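Each remark here refers to the structure printed beneath this line.
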Amino acid sequence: MLLLLRDYNEKDAVLFLNFELWWNILESQVKIEAANYLGEPDQLQLIYSQLCECIKTAKRKIEKQKRNELLFLLAKVVEYSLKSDFVQVPILNFVLENMQIEMNNQEKEEPIDEDDFEFKRMIVNIAKLLCDIPEAKVELLNAGLLQLSLRFLNCTPNSQLSKIYDHDHLSLIQISILGLICNLIPTVQKEFRMLDGPEILMSYLDKLIKDGKDFHSMRIDLVRVHVNLLDTCLLTILAFAEGGPTNKKILSSFSIFEKFLALLSRKTPSTEIWIKCLLCCSSLCQGYKANKQNFGEAGGVEVMIEFLKYDTCDPKEKERVLLSTVECIWGTICGNFVFENKFLQLDGMFYLLELLEMSTYENKRHALGCILDFLENPKAVLHVLQWRTKEKSTKGIEHLLIALWSFEEEKLEVIQGTFGSISPDSQFPLRGLKSKKIELLKNGIEPDGGRAVLEIQENLRAKIYSIFCKLGFEHFSNTLNVKEKTKLAMISKYLDFKIGEVWNEIGEELKYENIRPISPDLCCIRAIEQTVKAKTMAVIEKQNEIIKKAEKVAFI
């Protein structure tokens, strides 16, 4: 079949049939083998030569279609081939030459047709695929790929872009260009800054914000394209912001928070835009505290309050928006005392606690972490203690936290005594029947720590304990029932129990490695074990006293 490609003047029907056969092969179970075969230097050189010939003679529609079919074949080879050396064959130069704004075989600033547009878009996608190959990526960047890409975003009304591409074609190509730049940014941050990339990106974002103000009057297909453009642009900004404090400072100098808050304050055809804006704001403030001040001064606190009230009939959409909102509050407001106080004055803590009470498990985990950071502010402690649940006005934060703790214990199937007390036979009060155990003989020692440490990240109990430490365990004796009091007694010793689990795992790992600690260390390990056992017994005694007192009161 490949022999047909050698004769570019073969009958059109036969040539197109040949292309279709290769497509089917490259989409079948043997696509990797086929791509590797076509990616061999001789075959790749043949495809390249025929492509160059096609481009020279592509004047009529049928010739342009042949050119595009051959380019599509090359794209599949680049996508699936695992062994090809694209640097050896001049494919990279071919891609760069054809990534110019104008077509190589047309007059300058002459509008392009549908076939030429598809050709350009495929060239950009091939460049994106080649950038996944380290050697090809280096060669493309050295030859000016980033500069060529940025030219496609610099589109003033009288620019060359506007004269060659119509609005629909240009938008679709820019989606591909933004995706390419987003992939490149992590490795070319300095070059991106030197080429005024941030300024071009911000100007382009301004254009998108302006174009999307009246999306209600757009055709549905244009709305979809606009959303994809804005979404990809925000992802590119996020990738640049993740590059460190210098990048965050540069973006802030373009009043970026005002742009994001403008997008957050208006209706959108897709909540993905809100989610990306929230994540961008959070990223810009993490690791660069000055941006927290900029975010607050731009009116960010008020916008976050409104998003905490967000509701919709789609539960998945609601969860994603609220999760992003909590992430944004955590990154932009927590740690700035002035705007923390403003958040509290606007009842933000009450909305956050309502979210903790009513939301999904994943949102509860995130909200607990955010609340815990807010509790570094003494005023936040007062707000949390004043809050009452929606379920019952006599219940407060202590009831909610203990209920969450009990839920975690039910999930793990922790064995309990009466009124939720510690079982007298329990050596490790925090462990349940479903707690994951380390299997040293099967898996060896886990490099990131044992299950006792990893469990802290997997459920809510560590955060619940930490919040109680901030609030104080002694404030709630008059508001809790017997079961809640016994549970609080156990929660207060969470850290001691967890330390006991960690040292137990250390001992098991030492036995697995056939290592005997020196005598002082061994005495230390045994002393810790005895201390934890003593504290466990002390908690059990305290819980028994609570139960006996309650029984006496009930009897009287």
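Assuming R0 = 30 Å, can you tell me the calculated FRET efficiency for the pair Glu199 and Gln457, based on Cβ-Cβ distance, to the nearest 0.05?
Computed FRET efficiency for Glu199 and Gln457 comes out at 0.15.
Suppose R0 equals 30 Å; then what is the FRET efficiency for Cys52 and Asp85 from their Cβ-Cβ distance, rounded to the nearest 0.05? Rounded to the nearest 0.05, the efficiency is 0.95. Between Gln147 and Glu20, the FRET efficiency from the beta-carbon distance, with R0 = 35 Å, is close to 0.40. Subtracting the Cα-Cα distance of Lys549 and Leu385 from their residue separation scaled by 0.36 nm leaves 56.4 nm. Remark: spin-label model distance Ser426-Lys267 equals 5.3 nm, labels positioned 7 Å along the Cα→Cβ axis.
How large is the convex hull of the Cα atoms of the range 311-424 per residue, expressed in Å³ as a whole number? Please report the intermediate quantities before stating the final value.
Values: hull volume 15.2 nm³, N = 114.
Each residue corresponds to 133 Å³ of Cα convex hull volume.
In this rough spin-label picture, where each label sits 7 Å from Cα along the Cβ direction, the Lys511-His167 distance is 7.4 nm.
Of the GluC sites (Glu not before Pro) found in the range 346-400, the ones in coil according to DSSP and having at most 12 other Cβ atoms within 10 Å of their Cβ are Glu391. Stretching Lys210 away from Thr394 to a fully extended chain increases their span by 61.3 nm, per 0.36 nm per residue minus the current alpha-carbon distance.
Let me know the volume per residue of the alpha-carbon convex hull for the chain, in Å³. Kindly include the intermediate steps, with their values, before the conclusion.
Numbers: hull volume 120.8 nm³, N = 556.
Convex hull of Cα atoms, per residue: 217 Å³.
Bridgeable lysines around Lys463 (alpha carbons under 16 Å apart, same-chain partners fewer than 8 residues away excluded): Lys364, Lys487, Lys493, Lys498.
Between Lys59 and Ile220, what is 0.36 nm times their sequence separation minus the Cα-Cα distance? Round to one decimal in nm.
Details: separation 161, 0.36 × 161 = 57.96 nm, distance 3.35 nm.
That pair, Lys59 and Ile220, stretches by 54.6 nm at full extension.
Among Thr236, Thr325, Thr271, Thr57, which comes first, then next, by fewest other beta-carbon atoms within 10 Å? It would help to have the intermediate numbers written out before the result.
Working: Thr236 25, Thr325 30, Thr271 16, Thr57 13.
Fewest-to-most ranking of Thr236, Thr325, Thr271, Thr57: Thr57, Thr271, Thr236, Thr325.
Rounded to whole numbers, the Karplus 3J(HN,Hα) couplings from phi for the range 249-266 are 5, 4, 5, 5, 5, 9, 6, 5, 5, 4, 5, 5, 5, 5, 5, 6, 8, 10 Hz, using 6.51 cos²θ - 1.76 cosθ + 1.60 with θ = phi - 60°, and x at Gly and Pro.
Quick note: the coordinates plus some simple rules give every number you see, no bench work behind them. Just so it is clear, the structure is predicted and the values come from calculations on it, not from any experiment. Here Cβ is always computed from backbone atoms with ideal geometry, including for glycine, and neighbour counts include all displayed protein chains.
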